[in-house]
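Before any comments, here is the structure.
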Amino acid sequence: MTRGADEATPRATGTRVRVDKWLWAARFYRTRSLAAQAIDAGHVRVDGERVKPAQPVHPASRISVRKRDLAWEVEVIAVSESRGPAREAALLYRETEESAAARERAIHVRSASRALATPGRPTKRDRRRLEDFLNEP
């Protein structure tokens, strides 16, 4: 059984959908309530402006999403009110090249700083070896 062209595109319901629903369907947030909280906190902007969770989003809208130290700048390609597989969610938007590059740099910096960080608390064996070393004449 082969997949038709209709099955490869996301399930579009109309031309407009609530921004919290779209963020949930596009898999930026696990739940709609988390998406709504992020919108209320100002972590999500539509066309450069703060919005409310019920703000309608339509194709060609530009959405910026901040989560911790990562940021996405995306253009809405399609809208969907239902959350589907990750492959379908990826078809709902297109990330800008600058955004992808900045996110990759942030991930690289985070992993590099984590590698340089001091290890956690010493084990009992490490502590005894350190005490033995410091107590030698």
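Every read-out reported here was derived from the displayed coordinates using simple, explicitly stated rules and does not represent laboratory data. Computed from a predicted structure; not experimentally measured. Neighbour counts run over all protein chains shown; Cβ positions are idealised from the backbone, glycine included.
How much mean residue ellipticity at 222 nm does the chain get from its helices, if each DSSP H run of length 4 or more adds -39500 (n - 2.57) and you divide by all residues, to the nearest 500 deg cm²/dmol? Can you show the working numbers first?
On the way: 6 runs with 57 residues, N = 137.
Computed mean residue ellipticity for the chain: -12000 deg cm²/dmol.
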Using a cut-off of 25 Å between alpha-carbon atoms, which lysines can reach Lys21, once sequence neighbours fewer than 8 places away in the same chain are excluded?
Lys52, Lys67
Gaussian network model of the chain, Cα within-10 Å springs - most flexible of Arg121, Arg45, Arg68
Arg121
Test of understanding: in a Gaussian network model of the chain with alpha carbons linked when under 10 Å, which of Ala86, Ala26, Ala78 would top the mean-square fluctuation ranking?
Ala86
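In a shell of Cβ-Cβ distance under 9 Å around Val79, excluding Val79 itself, what net charge do Lys and Arg (+1) and Asp and Glu (-1) give? Each step should come with its number before you reach the end.
Values: positive: Arg16, Lys21; negative: Glu81.
Spelling it out: positives minus negatives among the neighbours equals +1.
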Run the simple label-point estimate for Leu116 and Ser64 please: 7 Å along Cα→C-beta, distance reported in nm.
2.8
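Count the net charge of all other residues whose Cβ sits under 14 Å from the Cβ of Arg110, scoring Lys and Arg as +1 and Asp and Glu as -1. The partial results should precede the final answer.
Numbers: positive: Lys67, Arg68, Arg103, Arg105, Arg114; negative: Asp69, Glu104.
Charge balance in the 14 Å sphere: +3.
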Rounded to 10°, Cα long-axis angle of helix 124-135 versus longest principal axis of the chain
40
Could you tell me which label, among [x] 1.02; [y] 0.96; [z] 1.26, carries the value of Rg/Rh (Cα atoms, Kirkwood Rh) calculated for this structure?
[z]
What net charge do the residues around His43 carry, taking every other residue with its C-beta under 11 Å from that of His43, with Lys and Arg at +1 and Asp and Glu at -1?
+4
Please work out the FRET efficiency for the pair Ile107 and Leu134, using the Cβ-Cβ distance as r and a Förster radius of 22 Å; give the result to the nearest 0.05.
0.05
